[in-house]
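The structure appears right after this line, and notes come after that.
The values are calculated or read from the model by the stated rules, or taken from the named source; none is laboratory data. Since we're looking at a predicted model, the values are computed, not measured. Every residue, glycine among them, receives a Cβ derived from its backbone with ideal geometry; neighbour counts consider all protein chains shown. Note: accessible area is taken over every heavy atom of the protein model, side chains too, but ligands, DNA and RNA are not part of it. Shrake-Rupley method; radii C 1.70, N 1.55, O 1.52, S 1.80 Å.
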Amino acid sequence: MKDGNSRLKDKERKSRLSLFLTKSGSHENVSPNKKTNTASSNVSPEEALRWRDSFEDLLKHSEGVETFSQFLKTEFSEENLEFWLACEEYKTYDSQTKLLSMAKYIYTLFIASDAPKEVNIDYNTKMSIQKNLEQPTKSCFEAAQMKVYSLMKKDSYPRFLLSDIYLHLTRRKGPGATMFRRRSRSCVFNERGEPTSEPSPW
């Protein structure tokens, strides 16, 4: 039997997935410089700055996930995050009937050659998933999920941290303007995300 924390985590995963599969369109026409309306408008600069610590930390926060999704839409790659979230939900199911239904749904939406939100995975990984569809296990999508996760972490995440969408939340200036960097532990940020002392010299 699952404990309270496990049930809460499962609920959070499912709510995040439902949010993005409901909101997401098929590559919305979003310009990188266009301001987007997200629930992240209430995120404090301090919280947004913590997302720089690691990609893992970013994905632990629902506002971070939504903001990252908005950025991915500007690069026409939001399907990567949606696939990762779908796999996270998939792993919470215990019923074989639900696993089978969800596995076919994920395959049709993200894996199949004519999938509307096909993710970029290699042929062997795709074939392995296809073979396991009749009797899927919780690890059915694990290899594909890890590949997509690695792609987002190494490719998309660094660009996200330099994007206007993210910098706006930290209340920094965008690309092309003078920016400060935290170079010393003596540089403390106040409630508005502004430094209360000058950073160390370059």
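Residues in segment 50-62 include at least one that is assigned to a helix (DSSP H, G or I), of a type in the set (Asp, Glu) and at negative phi. Does LYS154 count as open to solvent by 70 Å² or more (accessible area, probe 1.4 Å) and at pLDDT 95 or above? Taking the combined requirement at face value, the residue satisfies it. For first residues located in segment 130-144 and closer than 15 Å to PHE83 by Cβ, partners that are in a helix (DSSP H, G or I) and open to solvent by 20 Å² or more (accessible area, probe 1.4 Å) and lie 6+ apart or on another chain with Cβ distances below 7 Å form the pairs ALA143/SER128.
Somewhere in segment 170-191, is a residue open to solvent by 40 Å² or more (accessible area, probe 1.4 Å), under 29 Å from PHE76 (Cα atoms), at pLDDT 65 or above and part of a loop (DSSP other than H, G, I, E, B)? Among the residues of segment 170-191, at least one is open to solvent by 40 Å² or more (accessible area, probe 1.4 Å), under 29 Å from PHE76 (Cα atoms), at pLDDT 65 or above and part of a loop (DSSP other than H, G, I, E, B), which makes the answer yes.
For segment 110-129, a residue qualifies if it is outside any loop (DSSP other than H, G, I, E, B) and in contact (Cβ under 8 Å) with a residue 12 or more places away in the chain, and the qualifying residues are PHE110, ILE111, THR125, LYS126, SER128, ILE129. Residues considered: THR67, THR92. Of these, the only one that is at pLDDT 95 or above and not in a helix (DSSP H, G or I) is THR92.
When the residues of segment 35-45 are filtered to those that are surrounded by fewer than 22 Cβ atoms within 10 Å (Cβ to Cβ) and part of a helix (DSSP H, G or I), the one that is modelled with the lowest pLDDT is ALA39. In segment 46-68, the count of residues that are closer than 30 Å to ASP164 by Cβ, basic (Lys, Arg), open to solvent by 50 Å² or more (accessible area, probe 1.4 Å) and in contact with a helix residue (DSSP H, G or I) (Cβ under 9 Å, 6 or more places away or on another chain) is one or more. Checked against (1) at pLDDT 95 or above; (2) of a type in the set (A, V, I, L, M, F, W, C); (3) over 25 Å from LYS154 (Cβ atoms), PHE55 passes all but condition (3). Applying the set (1) modelled with pLDDT under 95; (2) in a helix (DSSP H, G or I) to TYR107 leaves exactly one unmet item: (1). Looking at this structure, is MET146 at pLDDT 95 or above, out of contact with any Asp or Glu (no Cβ under 6 Å at 6 or more places or on another chain), among the hydrophobic types (A, V, I, L, M, F, W, C) and over 24 Å from ARG159 (Cα atoms)? So MET146 fails the test.
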